[in-house]
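Beneath this line is the structure, given in C-alpha cells, with notes to follow.
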Amino acid sequence: MNNVNIRWHFIPPRSPHFGGLWESVTYEEMYTLLTRVEASLNSRPLTPMSPDPTDFSVLTPAHFLIGEPMTAPLEPNLEELKINRLSRWQRIEQLRQQFWRRWIREYIPQLQLRPKGQRITNDNVQPGDMVLIKEDNVVPLHWPLGRVVQVHPGHDGVVRVVSVKTAKGAVVSRSVKKLCVLPLDK
C-alpha cells in the first residue's frame, strides 16, 4: 500500500470517541448508505438529451448503468435529530442527508464558479441552455429542470435575470444566481 500512499490508521477497540461511528456501522448498513449515495450521484443530470427546447429529458449516469433515470421517494429530514434518538435505519438516512448537504454546499456551487472578476454576461447564460432551478428547502435531486427561453440584460448589458421554461410548461423568471447551467450543455 506504500506505492499508492495509503496509510492505515487503526483506532482502539471500543473507543467511540476515537471514531466509533464508522466502527459501529455494520457491513449491511454501510452497504445501504453507499448504495443510496451512489444512486444519488447517478441521478444527477449531465447534459440535455437533445437541443430541442421543448424536450426536458436529460442524460444521467444512470442511463449508462440501467438505461433510464433513477428516482427516489422523498424521505423525512433527520439531520437535526440527535444520534441517540435514531433507529439504525434512520441513522443511515441521516448520513445520506448529510452527504446531500455537503453535495449542495460543495459541488453545486462549482457549477456556478467564474474566475474572479468575470461578470455574468450573455455568453454565460443563453436561450436554450438546460438548467437546474435551485429551490429552497428542496433536495437537489428534486430541483426542477428547465430551459432558458429568454435572457433579460440590465441597462449595463449584464444578464442577471432569465426566463426559464420548466418541464411542466410554466415559464418562470429567475435570477442567474438561482440557476445551475448544466456543464456539458455548451
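FYI, it's all coordinate maths here, none of it is from the lab. Keep in mind it's a predicted model, so treat the numbers as computed, not measured. Neighbour counts are summed over all protein chains in view; Cβ atoms, including those assigned to glycine, are modelled from backbone coordinates with ideal geometry.
With a 10 Å Cβ neighbour count serving as the proxy for reagent exposure, in which order, fewest first, do 63, 155 appear?
Values: 63 16, 155 5.
Fewest-to-most ranking of 63, 155: 155, 63.
What is the order of 99, 64, fewest Cβ neighbours within 10 Å to most?
The order, fewest Cβ neighbours first, is 64, 99.
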* Packing-wise, with mean Cβ within 10 Å as the measure, how do 164-174, 143-153, 52-62 rank, highest first? -> 143-153, 52-62, 164-174
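Could you tell me the relative contact order of the range 118-181? Use alpha-carbon pairs under 8 Å, at least six residues apart, and round to a whole percent. Write down the numbers at each step before the final one.
Working: 122 pairs, mean separation 21.2, N = 64.
Rounded, it is 33 percent for the range 118-181.
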